[in-house]
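Take a look at the structure below.
Since every read-out is calculated from the coordinates, none of them should be taken as a lab result. Keep in mind that what you see is a predicted model, and the values were worked out from it rather than measured. Cβ: placed from backbone, ideal geometry, glycine included. Neighbour counts: every protein chain shown.
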Amino acid sequence: MLMDASTLIAYLPVLLAGAVTTLELTLFTLVGGFVIALPVALARNAQGSVTRWFAHGFVFFFRGAPLLVILYLVYYGLPQLPGIKETPIWFLIARPMPIAILALSLNSAGFLTEIIAGALRNVPAGEVEAARAFGLSRLQTFTRIIAPHAARLALRSYGNEAVFVLKGTAVVNFITITDLVGAANQVYFNTFDPFTPLLVAGVFYLIIVFVMLRLVKWAERRLNPWAFAAPS
Amino acid sequence: MDLALFSLGPTGWGDELIAGLDLTLRLAVTAIIAGTALGLVSALGEIAPVPLLGRLLETINMVLRSVPELLVIFLIYYGAAIALAALLAPFGFSGFFEINRFWSGVLALALIHAAYASEVFRGAFLAIPAGEIDAARAFGMSPLLVFFRIRLPLAFRLAMPGLTNLVMTTLKSTPLVSAIGLQDLIRVAGDAGQNTKEFFQFYMATLVIYLGIAAVVLLLQTRSERRLFRHLRVGR
């Protein structure tokens, strides 16, 4: 029933290739999600009611819809949009990987928007007023005062969201991409042992999560040096 | 939008979609109820003064919260059949088990739901003010009575927001069970799309249904929170 060690070693490259795909998807999604979420978060906190409603709608839409439904809509639905096949964007995204990253990023952005917007709102008003009183421009106030402080506030939640992104990448199996779960499945179909490959894949995921949480801890120390300073 | 595609009867896909929705909802409700109950038990195990038990449960839940849902679904669906066959092999059994897809899906989603619910319940139990327990004990209640009359109701109230969030999460995980061949809503929509080449319309309909359910859950969440925390509301 269970495979022996030599068989597992023979199949290890397959699993590692799957792990690389999973890591690629995770990294690109984290970047893509942030790029989408930042402007939406700013719109969410903006004064205008139209931008606020748009941001609310965006968050409700992408937090309420299952990831797989979004993925299928983009994967099967996008090619059916009239005229899209003539545009240069089509050339860029007409492959499973970019489509998966787009769908995953949109889904992640729904959650990330709330995290970023909440952190930006919770920066103490006194700090902003002090910066303005010192003569900093609005842009300078944002980049030097608000953004660093908000990053500190958002870090913990962002780490949790990153773990959800990692777990979410497994849906790419539904659109023919072989990630870590897909690789484990392949090994199962070749060896008739589901336990070893799936459990090894599980260990890989645990390692990735562990590294992610370590990075968050490290960033927390970097961003809040006084909170971790040795007592003198 | 072509409404004829969604009509009931042999020409439209309306009845098939309703059957798929029915399966999705049954799966979700069963997994959520079982998962919440399991999560409560797990949380009590985690805070119980029993050595090792807490550590063990914490580790299991941590693992279940770190790996993709799809992996757990596959492990249970493929694994259960082979494990059963291997267990019975010494008794002269040689054959295959056809594991029930529905219950494999329910078990996988319930275990994951429980792993998150356990965390929510544990936080709720730990957040109960010590004074409430002291007061109940001072009134002469036995520890069991304190648990059922004071701790459990208070914990449920504190856990409610977290639990309703989990309802949403598990609901959104249900389409993953189509990977083990269950004819749930999204699978039916995919079949319909395959047949009619109208993927966009059918997946859009699926999306609208899921968003509709999400809206209902959100409404129930605000309603229940308003009810549960009405003693904290100021004025009126």
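Points to keep in mind about this one:
- Top of B:Gly131, B:Gly12, B:Gly105 by mean-square fluctuation, Gaussian network on chain B, Cα under 10 Å: B:Gly131
- Computed from backbone phi, the HN-Hα couplings of the range A:28-38 come to 4, 5, 4, 5, x, x, 5, 4, 6, 6, 4 Hz, rounded to whole numbers (Karplus: 6.51 cos²θ - 1.76 cosθ + 1.60, θ = phi - 60°; Gly and Pro given as x).
- For chain A, built as a Gaussian network whose Cα springs stay under 10 Å, the top-fluctuating residue of A:Gly57, A:Gly83, A:Gly110: A:Gly83
- Crossing angle, helix B:14-47 versus chain B [Cα axis fit, 0-90 degrees, rounded to tens]: 30
- Chain B: angle of helix B:152-173 to the longest principal axis, Cα-based, in degrees nearest 10: 20
- Footprinting exposure proxy for A:Asp4, A:Asp193, A:Asp179, B:Asp191 (fewest neighbouring C-beta atoms within 10 Å first): A:Asp4, B:Asp191, A:Asp193, A:Asp179
- Highest-fluctuation residue, A:Arg221, A:Arg156, A:Arg52 considered, GNM on chain A with Cα pairs under 10 Å: A:Arg221
- Whole-number Å³ per residue for the convex hull built on Cα positions in the range B:24-184: 136
- Descending by average beta-carbon neighbour count within 10 Å, the peptides A:195-208, B:145-158, B:67-80 line up as B:67-80, A:195-208, B:145-158, the highest first.
- Helix A:49-64 and the longest principal axis of the C-alpha atoms of chain A enclose an angle of approximately 20°.
- Sequence-separation-based contact order of chain B, relative, with Cα cut under 8 Å and 6+ spacing, percent: 25
- Shielding value for A:166-176 is 4, the average number of Cβ atoms from other chains within 10 Å of each residue's Cβ.
- Lysine pairs in the protein assembly as shown with Cα atoms under 28 Å, if 8 or more residues apart or on separate chains: 4
- Sorted by Cβ neighbour density within 10 Å, fewest at the top, the residues B:Arg65, B:Arg233: B:Arg233, B:Arg65
- Of A:His56, B:His113, the sequence from fewest to most neighbouring Cβ atoms within 10 angstrom is A:His56, B:His113.
- One Cα centroid belongs to the range B:129-146, the other to the range B:200-236; the line between them spans 35 Å.
- Between the range B:1-66 and the range A:118-155, the alpha-carbon center distance in angstrom: 41
- Shielding by partners - mean other protein chain Cβ count within 10 Å, residues of A:59-68: 6
- Cα coordinate range in the range A:5-225, projected on the principal axes (Å, largest first): 69, 51, 28
- Rounded if a/c under 1.5, otherwise prolate or oblate - the range B:133-236, Cα gyration tensor axes: oblate
- Volume of the Cα convex hull of the range A:92-153, divided per residue and given in Å³: 95
- Anisotropy class of the protein assembly as shown from Cα gyration tensor, a/c 1.5 cut: rounded
- Cα gyration tensor, the range B:1-99 - rounded (a/c under 1.5), prolate or oblate: oblate
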